[in-house]
Amino acid sequence: MKVLLLAILGLSATAYAQEDAQFEVGKAKAKVCMTCHGEDGISTLDPYPNLRGQKMGYLISSLKDYKARERTSGLAILMQQQADSLTDQDIEDISYYFSQLGQDTQQ
Ligand code: HEC
């Protein structure tokens with residue numbers, strides 16, 4: 001029983017370390033986004049949305065929509081250009097970062 005418990009604890013520690021690494025990777029990749037969306041994910045200009053604490057799934061689908069030109073209104077052209085330069089992995093890492101920002105466990 002003790003062995004099993006230790007094994008479970010060990011596994012969750014590994015999972016946590018991996019997620020934390022993704023947070024750091026995402027943060028580095030998100031530097032370019034911060035010009036418009038703010039360093040802490042809260043933008044200072046009205047037309048630019050806040051990303052801090054947004055749901056990961058929503059961030060991913062938005063970025064894929066810009067890339068696929070499914071979102072085209074208003075200032076979407078700015079985001080289409082941004083999304084074009086992102087791989088699927090970049091999108092995942094950056095979305096993870098912004099979704100975790102502002103959550104109590106990560107700040
Ligand atoms: C040049 C300024 C600029 C940069 C740089 C920029 N964005 Fe944006 N972003 C915008 C604007 C403007 C919008 C709103 C576009 C619209 O009306 O659809 C937006 C919208 C978004 C949305 C949709 C938010 C929502 O609530 O629907 C996401 C997600 C997003 N940006 C992520 C990113 C990421 C990730 C990066 C970095 C790779 C980035 N942006 C870089 C200006 C920028």
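A few notes on this one:
- Relative contact order of the chain, pairs being alpha-carbon contacts under 8 Å that are 6 or more residues apart, as %: 33 percent
- Set of aspartates and glutamates with alpha-carbon distance to residue 31 below 13 Å, sequence-local pairs under 8 removed: 39, 40, 90, 93
- The ellipsoid that matches the Cα gyration tensor of region 29-105 has semi-axes, each √(5λ) in whole angstrom, of 19, 15, 11, with the longest given first.
No value in this document is a laboratory result; all are computed from the given coordinates. The shown structure was predicted, so the numbers you read here are calculated from the model rather than taken from an experiment.
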